[in-house]
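Bear in mind that the values in this text are calculations on the coordinates, not laboratory data. All of these numbers come straight from a predicted model, not from anything done at the bench. Cβ: placed from backbone, ideal geometry, glycine included. Neighbour counts: every protein chain shown.
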Amino acid sequence: MSFFKNKMLTPLGDKHRLFPALIAVFLTACASAPEQPSGVPESMSSTSGLATNSTIDHSGAAGDPAAHSDTMHSSDVLPPISVVIVPEETKLQYLNAVKLLENGAIEQAKSELEALEELVPEAAGIYANLGAIAEQQTDLAEARDYYNKALSLNPAQPLAVNNLSNILRREGRFMEASQLLETGLKRYPRSPELHYSLGVLLDLYLHEPQKALRHYRQYQNFANLPDAQVEQWIVDLERRVE
């Protein structure tokens, strides 16, 4: 059973299914978050930052107090992400860890990622994936620590943003979750998962149907395949706001 597909890419079912343990299939995005080809959401690009001699972000945001808190305000200016060259061998090791996750070999994948953490401690995506594993194993304290570590390196890392926002939502911290998702969308405006999560938050918890409608539409635009259930939510919201 595919850890990745079952957590992120299956039909969404209902609005409470908020991608509890996504997997990032990349180390992280490039420094300037360049535009992806039309129809390829940035957070879903399987090779983003992973070409031969690929780049990994290693922005040193450790001294930024916001980097160590659970949220960043959406009005904050995102720091630039510096990059470091990654050898082909390291890239292949990372992709192997992702493959292990997809095949359900969670402990093996965790060991691979922990070894990579020693090799490239500046790679935000490694910590985000370790956080997803901890969350899958119901260790929310460790998951939160890993997500915050990822966000200290890249304050908009999509996996960490999405999953930490879900933790905040479950704690009733709706505005903080919203601000965190908005921060992620500043750098990754084509991420369908972030649009979906923010749309649900705005719809069910913050009661802002007009804004929710916009994000549901963006989800449909950037998802690999439009979702019939989300389309029905769009129709329902259009009736409500007219």
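Can you sort LEU116, LEU101, LEU204 by how many other beta carbons sit within 10 Å, fewest first? Before the final figure, lay out each step's value.
Values: LEU116 22, LEU101 27, LEU204 13.
Result, fewest neighbours first: LEU204, LEU116, LEU101.
Cβ neighbours within 10 Å, averaged per peptide: list 89-99, 156-166, 219-229 in order, most packed at the top.
Highest-to-lowest ranking by the protection proxy: 156-166, 89-99, 219-229.
May I ask you to evaluate 6.51 cos²θ - 1.76 cosθ + 1.60, the Karplus curve with θ = phi - 60°, for each residue of the stretch 102-116 and list the ³J(HN,Hα) values in order in whole Hz, giving x for glycine and proline?
Taking θ as phi minus 60°, the curve returns 4, 8, x, 8, 5, 5, 5, 4, 4, 4, 4, 5, 5, 5, 5 Hz for the stretch 102-116.
Output the pairs from LYS110/LYS149; LYS186/LYS211; LYS91/LYS149; LYS99/LYS149; LYS110/LYS211 with a Cα-Cα distance over 27 Å in this structure; if there are none, say none.
LYS110/LYS211, as the Cα separations exceed 27 Å there.
Sort TYR146, TYR205 so that the residue with the fewest other Cβ atoms within 10 Å of its own Cβ comes first and the one with the most comes last. It would help to have the intermediate numbers written out before the result.
Working: TYR146 25, TYR205 16.
Fewest-to-most ranking of TYR146, TYR205: TYR205, TYR146.
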